[in-house]
1. Residue under question is Ala102, and the condition is that it be open to solvent by less than 30 Å² (accessible area, probe 1.4 Å), among the hydrophobic types (A, V, I, L, M, F, W, C) and part of a strand (DSSP E or B); does it hold?
2. Output the residues belonging to region 137-150 that are closer than 20 Å to Ile73 by Cβ and part of a loop (DSSP other than H, G, I, E, B).
3. Which of the residues that make up region 84-98 are over 14 Å from Gln115 (Cβ atoms) and not in a loop (DSSP other than H, G, I, E, B)?
4. Any idea which of Val188, Val216, Val231, Val157 is of a type in the set (A, V, I, L, M), open to solvent by 20 Å² or more (accessible area, probe 1.4 Å) and in contact with a His (Cβ under 8 Å, 6 or more places away or on another chain)?
5. Mind listing whichever residues of region 106-136 are open to solvent by less than 80 Å² (accessible area, probe 1.4 Å), in a loop (DSSP other than H, G, I, E, B) and among the aliphatic types (A, V, I, L, M)?
6. What is the one condition in (1) closer than 19 Å to Val90 by Cα; (2) surrounded by fewer than 19 Cβ atoms within 10 Å (Cβ to Cβ) that Thr195 does not satisfy?
7. Take the conditions open to solvent by 30 Å² or more (accessible area, probe 1.4 Å) and modelled with pLDDT of 95 or more and apply them to Gly182. Does it pass?
8. Which one is nearest to the chain's Cα centre (by Cα) among residues in region 165-174 that are surrounded by 20 or more Cβ atoms within 10 Å (Cβ to Cβ) and either of a type in the set (Ser, Thr, Tyr) or under 11 Å from Gly141 (Cβ atoms) (or both)?
Amino acid sequence: MIDIRRFENLGRFKNEWLNANYHFSFSGYHDPGRMGEGALRVWNDDTIEPHTGFPPHGHQSMEIITYVRKGAITHKDSLGNHGRTEAGDVQVMSAGTGVQHAEWNEEDEATTLFQIWIQPRSAGGKPNWGARKFPKGERSGNWALLASGDGDKDSLVINQHAKILGATLKTGEKLTYEVTAGRHGYLVLAAGSVTLNGETLKARDGVAVTGAESLVLDGVEDAEIVFVDTV
């Protein structure tokens, strides 16, 4: 089954420094029909104003993936990690038995990003953080493996049988993907426009995929795509 979730129908939150859009129930937004997709629990589309961000707070037993769309995010945690992740690149944090972290926009421009939370295959474990550059030119017309449960293809490692993939698609290009039986997919168009099995998607639209489906993406306007395939 394929369920298209238009950007204008997402949950909303806004204050003086954060403009958040929720693909699934989160914080004060609750929709019993959108509690997650398989192990995928959260997909937030955030805009963070310059020189602001999330102050130190804690997590445990959650895989947290950040995909930066514009600007950069600076990470600092109780494990001693400190890093800056730029547009197009990815950071992951396995919260494990517990970790405190802060995510801050130290830039002079707004930062936009996807924050993705996936429930781990097992609770607890050693907390961990990592980040990697993923040049967009290397995923033009192809899926690039950004994070996975086994670290295949030099991807970042998460504690779940899941794949986080990214691609860019030029006008007229085609890209396919097979979601197998028993799996769940969630796709968000970060930029541009495509058709998915003939249905037009615009920037920041989401698509939930449950069970076996053949996905065919055709570029309408130069597009940037992020996709999660999970149990």
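The values are calculated or read from the model by the stated rules, or taken from the named source; none is laboratory data. Please read these numbers as outputs of a predicted model, since none were measured by experiment. Using ideal geometry, Cβ is built from the backbone for each residue, glycine included, and neighbour counts are taken over all protein chains shown. Accessible surface areas use protein heavy atoms only, side chains included; no ligands, DNA or RNA. Shrake-Rupley method; radii C 1.70, N 1.55, O 1.52, S 1.80 Å.
1. yes
2. Listed by number, the list is empty, since nothing qualifies.
3. Across region 84-98, the qualifying residues are Arg84, Glu86, Ser94.
4. The conditions single out Val231.
5. Passing the criteria: only Ala110.
6. Condition not satisfied by Thr195: (1).
7. Criteria met by Gly182.
8. This residue is Ala167.
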